[in-house]
Amino acid sequence: MDTMGSDENILEMRGITKVFPGVVANDNVDLDVRYGEVHSLLGENGAGKSTLVKILFGLCQPDEGSIHLRGEPIAVESPAEAIASRIGMIHQHFMLVPTLTVAENVALGTQSTRRPFTDLDVVSRRVSEISEKHGLAVDPSVEVRRLAVGERQRVEIIKALYRDAELLVLDEPTAVLTPGEVDDLFVILRRMANDGRGLIFISHKLREVLTLSDRITVLRNGKVVGTTAPAETSREELAQMMVGRAVRLTPDKPLMDASAAQLKVEGLTIRGDRETVAVDDISFEVRSGEILGVAGVSGNGQRELAEAIAGLRAVEPGGSIRIAGVDVTGDDTRSRRDRGLGFIPEERMRDGAIAEFTVSENLVLVDHGAAEFTSRGMLDFGSIREHSQKLVDDFAVKTPGIDTPTSSLSGGNIQKVILARELSASPTVLLACQPTRGVDIGAAEYIHTRLIQQRSLGTATILISEDLDEVMGLADRIAVMYEGEIVAIVPSEEATRDRIGLLMAGVVEAPDQSSV
Amino acid sequence: MKRQWRLGPAVLVILGALALVGTACGDDDAPASGSGEGGALRVAIVAPSASDDLAFSQSMVDSVHAIERDVELSVTDGTFIIEDAAAAIRGYAEDGNDVVIAHGTQFGASLIEIAPAFPDVTFMWGTASDTQGLANVFAYSPAADEGGYVNGSIAAALTKTGVIGVVGPIEAGDAVAYINGFKAGALAGGASEVNVTYTGSFGDVALAAEAAEAHLANDVDVLTGTAQMVVGAVGVAADAGVPWFGTQANQTSLAPSLVVASQVYHWEVVLEEMLTLRDSGVLGGQAFEVNLANGGLVIEFNDAYELPAGVRDAADAMIEGITNGTVSTG
Amino acid sequence: MGEFFTLSVLVATAASAIRLATPYLLASLGETVGQRSGVLNLGVDGVMLLSAFFSYWTVLETGNLWLAVLVGLVVGLVMGLLYGVITVFLNATQGISGIGIFIFGLGLSDLLFRQLVGTPKPVRRLPNVDIPLLSDIPHLGEALFQRNLLTYLAFLLVPVTALLLTRTTFGLNIRSVGDNPQAADSLGVSVERTRFVAILIGNSMAGLAGAALVLQLGIFQPNLTQGLGFIAVALVYFGAWRPIGVMGGALLYGFVNATVLQWKALGIIPVSGSDLANMAPAVLTILALIVVARRVHAPSALTKPFTRH
């Protein structure tokens, strides 16, 4: 296109303000996007990125401000109008109908050439053309529910391209992808920008933003902090812009002498929800004062492993789990906790806390039967309140009070509540699953500091995470899982992103390179 | 003078509307029934089906209207749910009615709880053959087998195939009596087969219609049936040109050219007796039966249906025989 | 048992089954459309009662059967407007609103019947119409092609509904708002409008079902449906939200009922076994539901009101 590389703006948003009850989501926000540019919107959860693009896409209306598209003022009242103006959006949660085929998902909401009937054969042909042109391989006749996550994202992009989107918004598109898939996506996005399209890329992952963007606009508390370019900034500076203060991205880790093995797993085989083998004969140990990171693409057995250790899932005969030397393989969750297991679950609102309960109630969810919280068989609310208030203070939980319903807290603060509850029991073994997923940088930093502190206290920690930066920053050794097996355990000083990334993709190294 | 209050459907409409606007309905502001004027006897009927069902419930409403007294009548009908009926029975007793008629065998258990709490109220309960030992409960029942027997013997005279079909609800109460009497009468009259179908429902009109269709597919050329759902079966008989015998109420209007005769319940005969006892201070404790002899059961012939010569005379003779005890319906 | 397998009895059984199935089929097909769009309507029975009453009253007053069918359809449509406004635009809880519609229909049809009619009076029934040629097929023709026009319409609506759902853009919209309304909304498909129209279609068909019920019987009685509409809702689950499956369910229900009645008439089921036999349709339905429930999933957004976040 002739506009390629031009300085001309495809989009100009000026003075956008949006107030929700009690929150100013966008406060006088300006944003320009040029033709042929990838413009990243960076910010913590709740910084106002999503609200801004929802306004652009007609999903909500601004209280103040104006939008110019290709130099013309527009008012976007609905997604239909946005699409008609050739604005496309890839939502963070895929906007796909699982029971419909790819072609049906693409055709949804478009005019058929054979009204009132659908023209899926015509749509399928165009989908194939778009697939080929942009390197987005996908079969138009397959039901979306049968597709892998990466494929679903391709369908989303095809949907936008099918509608000839010239301005494309991608809301956290990498959250669900493996490092390899992220690389592939970036190639496609760059190519689309080179075609002259304007792309808005929303993320809170600094590394990705720096890799992909032409320009970066950082939002904090609904306001624009500044706009910069990758060449002019750094991860540290971006993090500081996001959080509003200096942030330590890689926590300092004192050297520890790893001593006795506190968690010992031997010959563990676990069946998944569909009765297939999810974890296949794995063995490892975690020592006192050590963090063992478990890396891997989602769905390679990490969840089942975590559930088995926590006592939520049965293991096949022959395998064993020992905590502090005691075999707990057949024990229930309560007795495992009594042996010193702490558990930060992946699904924090499902397995970690009860949304309707107050902060205080969630803080004593495990120990409410303990002698210090009961008197004569009844809950002793005095001591419970005292204990809760102390934990809220100690762990810097941002909450109006200990009687606030937990569901009204932010993700990071809910995680701090769970962390406070689990760490206050001084666990011998700590099982932390995706502890900072969906948590803002400030809270993530705090959680990391706490995990390191716990390591210094001698806790044996097993950290299961899909965030490679997190695993590499915290772990002393990194176990990589692929298709239910631990393909390698790599000491942190030998771990590089590329090496771990290859292992995650199932590329097994020569045996002499891995040290167990 | 007689005035009649009806609850039921109006309450449902209001309830439905309330549910629709999502408003919680707190107080139950059912209209209070007016107090008796000038010493009128306050009577309430709680009936399981519609009070104009051309069957069981209507028979009682019509009968109360036929009493030679000043009655102020309240009716709650369509209470096919027993709990609703029990609530209505208790409500009427609390409201100071003199007589509460629990018109359904299935209300017996509720009366055991309710009647002793209102010793000044007379409860009438039917169809039932005993009072369950309650001092303020009168029981009433029809000798439905008598009319059934008469209907059956006429049916036997009309059938050419010799096969007669019966559509019944659930095998209970006066339905069983009527059907057994009918069967005995038909077989004694020379019918070769009497096929009985209990559909399992008092209300399912469609099922009753199809039960009649099933009979027709099996050589039946005369039909009868009992309970309020038979209106569907009568329609099938009418379309097929097959004679129909009614019971509980006069069903001639449902098929004016094909209803031969109906056994009609005239509860007023025993109602009068019970009320007279009440006047003399006896509030209950006795069981009553309507039958051909006391005039509580009447075979009403449809003059528009021309019976073959001699059949009507034979039927009249049979009624006479049952009345004076020379003919047994068993 | 041998008597049952005579051709005339089998033909009568089939005819009876199809008559019984007709109102179920119409109501279930309509409910299928609604549920595929994510709207559960537990008020089907109430809609059927109201339309049955008005259809009946129309024949009683005018003698015109086709006007009666039209009136049944329009009453369904009006109830659909009511239910649609309540559930789609006011976002009321579908389960409770549906029960409200049921109670409302039950009560109002009862009240109107007593005020306007009183004692049941028979009216003309839907005449059977022979389909040329097909009705001449021995036995089969008699069983299948000598039925009334609403029965033909009901079975014709099976492929029509299937085509609507699978081959039209509107059907695509219906399925998408039933499974992921957020996705449909993000593509400019109006969730509200799609659901509203689906509700109108569903309720109109429930209205037709009420008309079919009453016009096949030629008489009205309070609570004529006896819960038929609720079974129609269950048949949608039974049929796995597919018109052909729903038809299978309605026919199975009709056949079981018709067969039980034939067997009772023939004495194959003795009077003493009546109560047990009466459970057959319900038991079969429950069994089939258990089997079906294991392998299919309801539309994901069923019963969930839609709001933009």
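The values are calculated or read from the model by the stated rules, or taken from the named source; none is laboratory data. Being a predicted model, the structure only gives us computed values, none of them experimental. Methodologically, a virtual Cβ is constructed for each residue, glycine included, from the backbone with ideal geometry; neighbour enumeration extends over all protein chains shown. The accessibility values were calculated without ligands, DNA or RNA, using every heavy atom of the protein model including side chains. Shrake-Rupley method; radii C 1.70, N 1.55, O 1.52, S 1.80 Å.
What the table below lists for this structure:
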read-out	value
Among the candidates A:437, A:385, A:339, residue that is closer than 30 Å to residue A:171 by Cα, open to solvent by 30 Å² or more (accessible area, probe 1.4 Å) and of a type outside the set (Val, Ile, Thr)	A:437
Selection from the stretch A:293-320 of residues that are in a strand (DSSP E or B) and crowded, with 23+ Cβ neighbours inside 10 Å	A:293, A:294, A:295
Residue in the stretch B:256-278 that is polar (S, T, N, Q), within 13 Å of chain C (Cβ to nearest Cβ) and touching a strand residue (DSSP E or B) at 6+ places or on another chain (Cβ under 8 Å) present	no
The one condition in (1) surrounded by 22 or more Cβ atoms within 10 Å (Cβ to Cβ); (2) within 14 Å of chain A (Cβ to nearest Cβ); (3) closer than 27 Å to residue C:228 by Cβ that residue C:189 fails to fulfil	(3)
Evaluation of residue A:268 against (1) assigned to a strand (DSSP E or B); (2) out of contact with any helix residue (DSSP H, G or I) (no Cβ under 7 Å at 6 or more places or on another chain) (one fails), failing number	(2)
Residue among C:231, C:219, C:199 that is in contact (Cβ under 8 Å) with a residue 40 or more places away in the chain, on the phi < 0 side of the Ramachandran plot and open to solvent by 40 Å² or more (accessible area, probe 1.4 Å)	C:231
Condition met for residue A:397 (surrounded by 18 or more Cβ atoms within 10 Å (Cβ to Cβ), in the same structural domain as residue A:324 (by TED's automatic domain parsing), at pLDDT 90 or above and among the aliphatic types (A, V, I, L, M))	no
Residue C:95, sole failed condition from (1) in a helix (DSSP H, G or I); (2) touching a helix residue (DSSP H, G or I) at 6+ places or on another chain (Cβ under 7 Å); (3) within 14 Å of chain B (Cβ to nearest Cβ)	(2)
Within the stretch B:189-237, considering residues that are among the hydroxyl-bearing types (Ser, Thr, Tyr) and at the interface with chain C (Cβ under 10 Å from one of its Cβ atoms), the one surrounded by the most Cβ atoms within 10 Å (Cβ to Cβ)	B:199
Residues of the stretch C:235-255 classified as away from chain B (no Cβ under 12 Å), of a type outside the set (Phe, Trp, Tyr) and open to solvent by less than 30 Å² (accessible area, probe 1.4 Å), total	9
Restricting the stretch A:153-178 to residues that are of a type in the set (D, E, K, R) and within 24 Å of the chain's Cα centre (by Cα), the residue that is most open to solvent (accessible area, probe 1.4 Å)	A:154
Selection count, the stretch A:414-446, where residues are closer than 21 Å to residue A:42 by Cα and in a helix (DSSP H, G or I)	6
First in the stretch C:153-172 and facing chain A (nearest Cβ under 9 Å), second anywhere and open to solvent by 30 Å² or more (accessible area, probe 1.4 Å) and of a type in the set (A, V, I, L, M, F, W, C), Cβ under 6 Å, 6 or more apart	C:167/A:117; C:168/A:117; C:171/C:164
Residue satisfying all of: in the stretch C:43-92; outside any helix (DSSP H, G or I) and more than 14 Å from every other protein chain (Cβ to nearest Cβ); most open to solvent (accessible area, probe 1.4 Å) among these	C:64
Single match in B:17, B:87 (criterion: modelled with pLDDT of 90 or more and surrounded by fewer than 21 Cβ atoms within 10 Å (Cβ to Cβ))	B:87
Single unsatisfied condition, residue B:141 versus (1) without any contact (Cβ under 8 Å) to a residue 24 or more places away in the chain; (2) more than 20 Å from residue B:87 (Cα to Cα)	(1)
Single unsatisfied condition, residue A:150 versus (1) at pLDDT 90 or above; (2) open to solvent by less than 20 Å² (accessible area, probe 1.4 Å)	(1)
Checklist (1) assigned to a helix (DSSP H, G or I); (2) away from chain B (no Cβ under 14 Å) applied to residue C:129, failing item	(1)
Residue list for the stretch A:207-219, filter: in contact with a strand residue (DSSP E or B) (Cβ under 6 Å, 6 or more places away or on another chain) and either within 30 Å of residue A:454 (Cβ to Cβ) or open to solvent by 20 Å² or more (accessible area, probe 1.4 Å) (or both)	A:214, A:215
Hits in the stretch A:104-113 - residues which are open to solvent by 80 Å² or more (accessible area, probe 1.4 Å) and facing another protein chain (nearest Cβ under 9 Å)	A:111
Matching residues, the stretch A:464-485, being acidic (Asp, Glu) and either within 14 Å of residue A:497 (Cα to Cα) or in contact with a Cys (Cβ under 7 Å, 6 or more places away or on another chain) (or both)	A:466, A:467, A:469, A:470
Close pairs from the stretch C:1-30: first touching a residue at least 40 places away in the same chain (Cβ under 8 Å), partner of a type in the set (A, V, I, L, M, F, W, C) and not in a helix (DSSP H, G or I), Cβ under 7 Å, at least 6 apart	C:1/C:268; C:4/C:268
Residues of the stretch C:258-278 classified as touching a residue at least 12 places away in the same chain (Cβ under 8 Å), part of a helix (DSSP H, G or I) and more than 7 Å from every other protein chain (Cβ to nearest Cβ), total	4
Condition check for residue C:33: buried (at least 24 other Cβ atoms within 10 Å of the Cβ), at pLDDT 95 or above and either within 8 Å of chain B (Cβ to nearest Cβ) or over 23 Å from residue B:231 (Cα atoms) (or both)	yes
Index of the failed condition, residue C:147 passing every other in (1) within 11 Å of chain B (Cβ to nearest Cβ); (2) outside any helix (DSSP H, G or I); (3) crowded, with 20+ Cβ neighbours inside 10 Å	(1)
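Okay, residues lined up against (1) among the β-branched types (Val, Ile, Thr); (2) within 11 Å of chain C (Cβ to nearest Cβ); (3) surrounded by fewer than 14 Cβ atoms within 10 Å (Cβ to Cβ); (4) more than 26 Å from the chain's Cα centre (by Cα):
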| position | (1), (2), (3), (4) |
| --- | --- |
| A:9 | no, no, no, yes |
| A:31 | no, no, no, no |
| A:34 | no, no, no, yes |
| A:49 | no, no, no, no |
| A:56 | no, no, no, no |
| A:74 | yes, no, no, yes |
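To keep it simple, each residue is scored yes or no on (1) in contact with a helix residue (DSSP H, G or I) (Cβ under 9 Å, 6 or more places away or on another chain); (2) open to solvent by 20 Å² or more (accessible area, probe 1.4 Å); (3) within 14 Å of chain B (Cβ to nearest Cβ); (4) touching a residue at least 60 places away in the same chain (Cβ under 8 Å).
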| site | (1), (2), (3), (4) |
| --- | --- |
| C:116 | yes, yes, yes, no |
| C:123 | yes, yes, yes, yes |
| C:178 | yes, no, no, yes |
| C:184 | yes, no, no, no |
